[in-house]
């Protein structure tokens with residue numbers, strides 16, 4: 001089938017130099033930590049072909065914050081995927097402070113070539129296009145839950161009824177990973193220093209207990225049979 005055909009094209013290697021030596025585009029997806037990203041970018045920049053484009057899959061950080069680390073600031077992009085395995089075929093794309101127009105064009109063309117819809121950000125913006133919209137949803141829902149105003153399940157019920165989606169914001173955060181959500185929200189807070197942008201302590205408490213979402217078996221919901229999949233969820 002198509003999945004197996006695609007899987008056969010993927011080759012795993014242990015050495016970064018071997019992985020990037022013939023690549024036209026290198027997309028980094030390490031944790032949402034700027035120093036880690038800069039370290040990886042420096043290594044990629046030293047080993048990738050001179051003409052290769054360097055991109056980050058960061059969920060929030062503008063590529064300009066790491067663009068010089070790879071030694072080619074004119075050839076860098078933000079290329080941020082969402083949930084491609086679940087069929088969410090859209091991608092944020094944004095250039096850095098010195099990205100050449102032709103590099104942006106190549107990035108957009110590549111996104112289209114793999115059947116995805118590019119969401120082009122014309123000027124640098126923390127959070128990019130849809131991810132900034134999603135961030136506003138996270139901020140408000142976490143604030144309401146973390147300060148005891150509402151039950152998270154009611155937020156998800158309302159979202160699912162109103163949008164007719166199969167899961168709500170808290171279920172989506174479970175899917176992303178609550179530790180990842182925390183790191184992303186802290187990027188926004190560290191940028192603004194606005195107390196309203198700081199994620200609630202209740203979220204940190206969950207993370208400290210090892211409740212990270214789907215990957216740990218428990219987050220806001222318990223997996224593999226979360227309550228929002230039950231026919232009784234809306235009763």
Has segment 74-84 got at least one residue that is in a helix (DSSP H, G or I) and touching a strand residue (DSSP E or B) at 6+ places or on another chain (Cβ under 9 Å)? yes
List pairs: first residue in segment 24-36 and in the same structural domain as residue 75 (by TED's automatic domain parsing) and part of a helix (DSSP H, G or I), second residue surrounded by 14 or more Cβ atoms within 10 Å (Cβ to Cβ) and at pLDDT below 95 anywhere in the structure, Cβ distance under 8 angstrom, at least six positions apart or on different chains. 34/61
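Table: residues versus (1) modelled with pLDDT under 95; (2) touching a helix residue (DSSP H, G or I) at 6+ places or on another chain (Cβ under 8 Å).
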position: 195; (1), (2): yes, no
position: 199; (1), (2): no, yes
position: 207; (1), (2): no, yes
position: 210; (1), (2): no, yes
position: 217; (1), (2): no, no
position: 230; (1), (2): no, no
position: 233; (1), (2): no, yes
When the residues of segment 89-106 are filtered to those that are farther than 15 Å from residue 64 by Cβ and touching a residue at least 24 places away in the same chain (Cβ under 8 Å), which remaining residue is surrounded by the fewest Cβ atoms within 10 Å (Cβ to Cβ)? 89
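Let's see how each residue does on (1) closer than 15 Å to residue 60 by Cα; (2) surrounded by fewer than 17 Cβ atoms within 10 Å (Cβ to Cβ):
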position: 163; (1), (2): no, yes
position: 179; (1), (2): yes, no
position: 182; (1), (2): yes, no
position: 201; (1), (2): no, yes
position: 226; (1), (2): no, no
Quick one: is residue 84 surrounded by fewer than 16 Cβ atoms within 10 Å (Cβ to Cβ) and under 20 Å from the mean Cα position of the chain (by Cα)? yes
Pairing a residue in segment 147-170 that is in the same structural domain as residue 222 (by TED's automatic domain parsing) with any residue that is assigned to a loop (DSSP other than H, G, I, E, B) and loosely packed, with under 11 Cβ neighbours inside 10 Å, where Cβ atoms lie under 9 Å and the two sit 6 or more apart in sequence or on different chains, gives 160/166
Within segment 120-145, tally of residues that are assigned to a helix (DSSP H, G or I), under 18 Å from the mean Cα position of the chain (by Cα) and loosely packed, with under 15 Cβ neighbours inside 10 Å: 2
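The values are calculated or read from the model by the stated rules, or taken from the named source; none is laboratory data. In this text, all values refer to a predicted model and were calculated from it rather than measured experimentally. Here Cβ is always computed from backbone atoms with ideal geometry, including for glycine, and neighbour counts include all displayed protein chains.
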